[in-house]
1. Pulled fully out, how much extra length does the chain show between B:GLU93 and B:ASN134, if you take 0.36 nm times their separation in residues and subtract their Cα-Cα distance?
2. Pulled fully out, how much extra length does the chain show between A:THR145 and A:ASP124, if you take 0.36 nm times their separation in residues and subtract their Cα-Cα distance?
3. Cβ under 10 Å from B:PRO143's Cβ, B:PRO143 left aside: what net charge do those residues give with Lys, Arg +1 and Asp, Glu -1?
4. Net charge near A:ARG122: determine it from the other residues with C-beta under 11 Å of the C-beta of A:ARG122, scoring Lys and Arg +1 and Asp and Glu -1.
5. For A:184-193, what's the mean count of beta carbons from other chains sitting within 10 Å of each residue's beta carbon?
6. Mind listing the phi-derived Karplus ³J(HN,Hα) values for region B:154-161, rounded to whole Hz, using 6.51, -1.76 and 1.60 with θ = phi - 60°, and x for any glycine or proline?
7. For region A:51-209, what is one quarter of the convex hull surface built on the Cα atoms, given in nm²?
8. Ignore the peptide's own chain and count Cβ atoms of other chains within 10 Å of each Cβ in A:162-174; give me the average, rounded.
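Nothing in this text is a laboratory measurement; each read-out follows from the coordinates by a stated rule. Everything quoted here is computed from the prediction, not taken from an experiment. Cβ atoms come from the backbone with ideal geometry, glycine included; neighbour counts cover every protein chain shown.
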Amino acid sequence: MRNTPLIIGAVAAALSLVIGAVLVTRFHAPEPPQQAASSGTVTSQAEEDGVTLGGPFNLETTGGARFTDADLAGKPYAIFFGFTYCPDVCPTTLNDLAGWMDELGPQAGALRYVFVTVDPERDDIETMTRYARAFSERIIPLTGTPEEIEAILDAYKIYAAKVPLEDGDYTMNHTAAIYLMGADGGFADVISYKDEAETAVRKLRALADAAPVS
Amino acid sequence: MRSTTLPYQAATAATLALIGLLAVGIYLIGLAPQAKAQSVKAGDLMIEQAWARATPPGARVGGGYLTITNHGAAPDRLIGGSVDFAERLEIHEMAMQGEVMKMRALPDGLEIPPGGAVTLKPGGYHLMFMGLKNALEQGARVPVTLAFERAGRVTVDLAVAGMGAKSHDGQGAHGGHGGHGGHGETKMQHNMQQQ
């Protein structure tokens, strides 16, 4: 009878392997191959339209340090405006952005990524930092006084407006596109909220390709 | 490892049976939150695919999504509800107008037409949890109590999917997006552990 535990152990081990294999296969099924990036050249709508966007700003970043347009000089960047009381479009966009960085691979380092609040009254720098870092360490969180935020919203032609809710609470309507800016701080392209992942990655890659070699 | 005596065979058979049962159990537990979101019946209403998005640290709001089907002959209306993990539940609608994201509260709630279904999903109608008391963690199940004009109050569990999930099973609505959601989820857990 003293072999019984051994037999049970062996059978259990063998079955565990089988169960494990089944579960691993089920939970980590290979993703379907992604479609190759669709053809078509990257055209800068901004250049065609002669839009001017961007300009000087002076805001606060992680740790309370000041962060200005001069800190972005010399490297292209993707800039997105949102707020942390945003349940849908902001986490979706930041999450997508983090995924696109992964897809860019080493090229991701050729760009900077900036997340500016449209809700400076509620988004202090600690909140913005924790929020941004949940998606990617690369995302630079920015906030400021209502006046400082107003100035950057004007410069980047970002629409932002409070929508009152019950109990004096509010949410925000705001422009949800990601603006792509060149190393000289000039507007290069835009990633629309409606853009598919491959389009977004193609636009980011084009921005990185145009970056000056450092 | 072949045994010739009956007790050994009996023990092995019993073990096999037990482990088999265990395997089915584990499989079902694994299946439940992912593919089989909970379905709950309330009067003429059927509530299915109820889920929420994991929230980043520091977030004070969260979104909940589900599908409500009205099998009855009379219209019903989702008028509100409550959750333990947030101060308030509101029903909101998000819509894109060009590049501008617009959010509006629906103080009169949401009509569920007879014979019809309404789906609350990212980019559209959603349950808005205001004043989160704690973050919604991916993989958790959190109860929400919904209030309907006719069907009354009903509690349903929301399966918490990843931060960037676009549907209840965590898959993206379009080809490429699902993969990105996955990347972001891993990233978030990693970063949260660092804090």
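1. Numbers: separation 41, 0.36 × 41 = 14.76 nm, distance 2.34 nm.
Fully extending the segment from B:GLU93 to B:ASN134 adds 12.4 nm.
2. Details: separation 21, 0.36 × 21 = 7.56 nm, distance 0.95 nm.
Working it through step by step, the gained length comes to 6.6 nm.
3. Numbers: positive: B:ARG141; negative: B:ASP84, B:ASP157.
With Lys, Arg at +1 and Asp, Glu at -1, the neighbours total -1.
4. Values: positive: A:LYS162, B:ARG60; negative: A:ASP119, A:GLU121, A:ASP123, A:ASP124, A:ASP169.
Residues near A:ARG122 contribute -3 overall.
5. Working: counts 0, 0, 0, 0, 0, 0, 1, 1, 3, 6.
Neighbouring Cβ atoms belonging to other protein chains average 1 per residue here.
6. 9, 9, 9, 8, 9, 7, 7, 8
7. Numbers: hull surface 35.3 nm².
Here the figure is 8.8 nm², rounded to one decimal.
8. Numbers: counts 0, 5, 1, 9, 5, 5, 0, 8, 2, 10, 3, 8, 5.
The shielding value for this peptide is 5.
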